[in-house]
Amino acid sequence: MKCISLFESLTRASVKDCIDTPSGLIFIVEPSEIGKAIGKGGANVRKIEGLLKHKIKVVAFDQQKAQFLRNFLYPIVNFDILEEADILKIKCGDLKTRGQIIGRNATALRLSEDILRRYFTLEKIVVV
C-alpha cells in the first residue's frame, strides 16, 4: 500500500494494482493515465526507481485479455495473440521474440499467466 500511495502522490495517476515480483515492481494503471504515470521521458519511473531501489514497470490495463497481455509484454512487438476460450496462443515471428516471451525456465511466461489470472479467467498461455 505504501508503494501505491507513493506512486500516486508523485505521478498524480491512479493505480489499479501493484505487484511485487523478483525482478521488481509492476504498477497497473488505467490506459488514460499511462502517460502521466511514466512521465516525460520516463522521469517519474526513474524517480520512483531511485526512491524504492527497485526496477519499475508500468502497464496499462485493458478489458480485453489479448490487449492487456500485449500491453504487459511491451516493448516486445513481433507477435500475434489468438484467443481460444480460456487459452491465449502467442504466435512469434522469430526465436529471439519467443525467448523473450518465455524467459529463462519459463519464468516470464508464468509471471504473465499469474498476472492475467488476477483479472481474467485464464487456463494457460501457449507460445507457438
Report task. For segment 32-40, state whether one or more residues are hydroxyl-bearing (S, T, Y), exposed (fewer than 13 other Cβ atoms within 10 Å of the Cβ), more than 14 Å from the chain's Cα centre (by Cα) and part of a helix (DSSP H, G or I). Result -> yes
Report task. Please go through segment 47-77 and pick out each residue that is of a type outside the set (V, I, T), surrounded by 13 or more Cβ atoms within 10 Å (Cβ to Cβ) and out of contact with any Leu (no Cβ under 8 Å at 6 or more places or on another chain). Result -> E49, A60, F61, D62, Q67, R70, N71, L73
Report summary line: Filtering segment 94-128 down to residues that are loosely packed, with under 12 Cβ neighbours inside 10 Å and not in a helix (DSSP H, G or I) yields D94, T121, V128
**Report entry** Count of residues meeting criterion [touching a residue at least 24 places away in the same chain (Cβ under 8 Å) and within 19 Å of K55 (Cβ to Cβ)] in segment 1-15
**Finding:** 6
Query raised in the report: Out of curiosity, is D62 in contact (Cβ under 8 Å) with a residue 24 or more places away in the chain and assigned to a loop (DSSP other than H, G, I, E, B)?
Result: yes
Query - Count of residues meeting criterion [more than 15 Å from R117 (Cβ to Cβ) and of a type outside the set (A, V, I, L, M)] in segment 54-73 - result: 9
**Report entry** I90 more than 20 Å from I19 (Cβ to Cβ), open to solvent by less than 40 Å² (accessible area, probe 1.4 Å), in contact (Cβ under 8 Å) with a residue 24 or more places away in the chain and in a strand (DSSP E or B)
**Finding:** yes
Requested in this report: Please indicate, with yes or no, whether at least one residue in segment 79-92 is at pLDDT below 90 and over 19 Å from K124 (Cβ atoms).
Outcome: no
Query raised in the report: Just for segment 2-17: of the residues that are closer than 20 Å to S112 by Cβ and either at pLDDT 95 or above or open to solvent by less than 30 Å² (accessible area, probe 1.4 Å) (or both), which one is farthest from the chain's Cα centre (by Cα)?
Result: V15
Query raised in the report: Of I26, I48, which residue is touching a residue at least 40 places away in the same chain (Cβ under 8 Å), touching a His at 6+ places or on another chain (Cβ under 9 Å) and closer than 18 Å to S9 by Cα?
Result: I48
Query raised in the report: Can you tell me which of L111, L122 is under 17 Å from Q64 (Cβ atoms) and touching a residue at least 24 places away in the same chain (Cβ under 8 Å)?
Result: L122
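The values are calculated or read from the model by the stated rules, or taken from the named source; none is laboratory data. Since this is a predicted model, take the numbers as computed values, not measurements. We place every Cβ from the backbone using ideal geometry, glycine too, and count neighbours over all the protein chains shown. Surface accessibility is based on the protein's heavy atoms, side chains included, excluding ligands, DNA and RNA. Shrake-Rupley method; radii C 1.70, N 1.55, O 1.52, S 1.80 Å.
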